[in-house]
Structures are given as C-alpha cells and as structure tokens.
Amino acid sequence: MTQNILSDLRWRYAVKKFDPHKKLTKQQVDLLAEAFNLTPTSYGLQPIRLIIVTNDALKKALQRASYNQKQVGTCSHLLVICYQFNFGEKDIERYTEIKLSLMPGKRDEIIKYGEILKTRFAAKPPEEIDLWAREQAFIALGNLMTVCAVEKIDTCPIGGFIPEEVGKILKLKEKGLTPAALLPAGYRAADDMHQFDPKVRRPLEEMVEELKVES
C-alpha cells in the first residue's frame, strides 16, 4: 500500500492539456464531493465550499477569468474551492447543532465548547478570520489532488485567476463565498508531452529533517 500511494503521487503532474472528450463518471464526481466534505478543517468548522462546474459556457468564461489557461475550459469538471467570508456565530451554531444530533449524550459539553468558539472568534478581527478560512481551502485542495491521484484522475491546480471575475461569473458573493483555488479535473490528452517529464524535486534530505529526542 505504501508503494502504491507513492506511485500514484509520482504519476500525478499538473496537466497542461486535457482530453475534452473524456469525462468523469457520476461515481467519480460523488467520490470527490465526499472526499471534500471529509477534509479536515480547523476546529472541524468547515468554512469552505466546493462548486463543481460542468457547463461548457461557464467553463469558457472562467477560462477567460483565469488568464486564458486552457485547462479551465477543456477539463471534464472544474472544481472551484471557495471559503466563506464573514464566518461567524451562526456558522458555529450550525456546527453545534450537527454535533448535538450525532452525540446527544454530550449535550452540556458540546454547548460549552460552542460558546468557547463563539467567544474566541468574536475576539478576532474579520481579516484574521478570512485568512483562517482561506487556509482551510488549501487543505481541501491538497486532499482532493491526492484522492484524484489515487483514482487516476488528472488535475491541474490553478491559483492564477481574477477572484472578482470568478466570483461574478459564479455569483459567489450572493452565496457568501470567495474563490481560493481552481482545480480542473479530467484526463490528460495523449499528446500532452509534459506527462513524460521527470518529476523535479529536491533530494529528500534537503526537504525533511527529523529531530530525535535524546535519552
């Protein structure tokens, strides 16, 4: 299993050219939606949302808002990872409500924790909460890319886009959302020569340091 996951991660690359005729199945899309929902987030509060775009006209409009990066317009499914702005008390109350439904026997403990969270967030400036929420979106991005690699679904993470334009096209402001990243997903084109490039990484010893506890 260890070698399998490493093989999957080595197989993955940032696709430069998708095959527009190959589409993800409903089962694959459902799996990615579930994987997104299972992504860990700070406090478990999930200040993130996923918009899945399959409409070709929308994808083309989003391609123009992404400096004409063709992967956005030609992928099978475009995953738009968003975060909530103005995250606050009502969102914590929703978290508490769901938690109580799952663990009714811990009612007092859960309510107390919810009140602690409300106090903690009320003390933070809005820009700090927005940054916190945005950071959670990138946890989801990494999680989705790993799941896609295991499922042999190709992706290309894209941060180069105009947030205001993407938000306008998808009417995100009305949903209380801000786009954090785009993740085109689908299948690599047979003539995308980048798929044969070696994966460029620093030697492991330059990247990882283990600090051992001395006895």
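Coordinate-derived values only; no laboratory data. Every value quoted in this text rests on a predicted model; they were computed, and no experiment measured them. Neighbour counts run over all protein chains shown; Cβ positions are idealised from the backbone, glycine included.
When the stretch 68-215 is described by a simple charge dipole with +1 on each Lys and Arg Cβ and -1 on each Asp and Glu Cβ, the residue from H77, G159, G176 located farthest towards its positive end is G176.
With the simple model of a label 7 Å out from the Cα in the direction of the Cβ, E89 to K22 spans 5.2 nm. Ranked by the mean number of other Cβ atoms within 10 Å of their residues, highest first, the peptides 85-93, 68-76 fall in the order 68-76, 85-93.
What size of dipole, in debye to the nearest 20, comes out for the stretch 140-213 about its Cα centre when the only charges are +1 on Lys and Arg C-beta atoms and -1 on Asp and Glu C-beta atoms?
The dipole magnitude comes to about 300 debye.
Computed about the Cα centre, the dipole magnitude for the chain is approximately 700 debye when only Lys and Arg (+1) and Asp and Glu (-1) carry charge, each at its Cβ.
Sorted by average packing, counted as other Cβ atoms within 10 angstrom per residue and highest first, what order do 104-117, 128-141 take? Don't skip to the end; give the middle numbers.
Values: 104-117: 12.9, 128-141: 18.6.
Sorting 104-117, 128-141 by mean packing, highest first, produces 128-141, 104-117.
Once the Cα atoms of helix 89-102 and of the chain are each reduced to a long axis, what angle between those two axes, in degrees from 0 to 90 to the nearest 10, is obtained? Taking Cα atoms only, the helix is inclined about 90 degrees. Projected label points at K199 and A57, each 7 Å from Cα along the beta carbon direction, are separated by 4.1 nanometres. Compute the signed sum of charges (Lys and Arg +1, Asp and Glu -1) over the other residues within less than 9 Å, Cβ to Cβ, of K118. Once positives and negatives cancel, what remains is -2.
Expressed as a whole percent, how much of the Cα-Cα distance distribution for the chain exceeds 23 Å? Let's see the in-between values first.
Working: 12723 of 23005 pairs.
Here the long-distance tail beyond 23 Å is 55 percent of all Cα pairs in the chain.
Charge tally around A133: other residues with Cβ under 12 Å, Lys/Arg +1 each, Asp/Glu -1 each, net -2. Of the cross-linked pairs K23/K70; K99/K124; K16/K175, those separated by over 20 Å at the C-alpha level are K99/K124; K16/K175. Counting only alpha carbon atoms, the long axis of helix 107-122 and the longest principal axis of the chain meet at about 70°. What is the sum of charges around T146, taking Lys and Arg as +1, Asp and Glu as -1, for the other residues whose C-beta is under 12 Å from the C-beta of T146? With Lys, Arg at +1 and Asp, Glu at -1, the neighbours total -1.
What translational diffusion coefficient, in µm²/s and rounded to a whole number, does the Stokes-Einstein relation yield for the stretch 143-215 at 37 °C and a viscosity of 0.692 mPa s, taking the hydrodynamic radius as the Kirkwood radius over Cα pairs?
On the way: Rh = 16.2 Å.
Roughly 202 µm²/s, to the nearest whole number.
For the options Y43, Y95, Y67, a Gaussian network treatment of the chain with springs between C-alpha atoms closer than 10 Å singles out Y43 as fluctuating the most.
Relative to the longest principal axis of the Cα atoms of the chain, helix 26-37 runs at roughly 40 degrees.
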